[in-house]
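The values are calculated or read from the model by the stated rules, or taken from the named source; none is laboratory data. This is a predicted model, so every value here is computed, not measured. Quick reminder, even Gly has a Cβ in these numbers, built from the backbone with ideal geometry, and neighbours come from all protein chains shown. These accessible areas exclude ligands, DNA and RNA; they are computed on the full protein's heavy atoms, side chains included. Shrake-Rupley method; radii C 1.70, N 1.55, O 1.52, S 1.80 Å.
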Amino acid sequence: MNRLINVGFGNMVNAEKIIAIIHPEAAPVKRMVQSAKDSGKCIDATCGRKCKAVIVSCEEKIILSALLPETIANRVNQREGIEEGE
């Protein structure tokens, strides 16, 4: 079953497809994001805000979020805890 996680401003991502949630300030991450933008594999979910997290998903998709990586990770972990308790 798909588990959707809110990554800000009503945008949802399938938690099962997330490989990594990283901070966007490092130069290699900036290059990775630019490469994804150039190839059309970047999804901007920031709604015009500053990008604070880069979510790497399966199929080489990159999702940009205005939420901090810790916030997204907490939401993923919280969701997993809910499902384990069911």
**Message:** With a 1.4 Å probe and all protein chains left in place, how much of the accessible area of the chain comes from carbon and sulfur atoms, in whole percent?
**Reply:** 51 percent
**Additional length obtainable on full extension of the chain from L4 to C47, 0.36 nm per residue less Cα span** = 13.6 nm
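Just the accessible area per residue of the chain, please: how many Å² with a 1.4 Å probe?
Values: 5420 Å² over 86 residues.
For the chain, the solvent-accessible area averages 63 Å² per residue.
Per DSSP H run of at least 4 residues, take -39500 (n - 2.57); add these up for the chain, divide by its residues and hand me the 222 nm value, nearest 500 deg cm²/dmol. Could you put the intermediate results ahead of the total?
Numbers: 2 runs with 30 residues, N = 86.
Using -39500 (n - 2.57) per qualifying helix, the result is -11500 deg cm²/dmol.
Please compute the contact order of the chain in relative form: average sequence separation of alpha-carbon pairs under 8 Å and at least six residues apart, divided by the residue count, as a percent. Numbers along the way, then the final one.
Details: 132 pairs, mean separation 26.9, N = 86.
That works out to 31 percent.
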**Asked** What dipole magnitude, in Debye to the nearest 20, does the chain give about its Cα centre under +1 on Lys/Arg Cβ and -1 on Asp/Glu Cβ?
**Response** 460 debye
**Item:** Cα-Cα P(r), the chain, percent of pairs per 5 Å interval
**Value:** 3, 15, 27, 26, 16, 8, 4, 1, 0
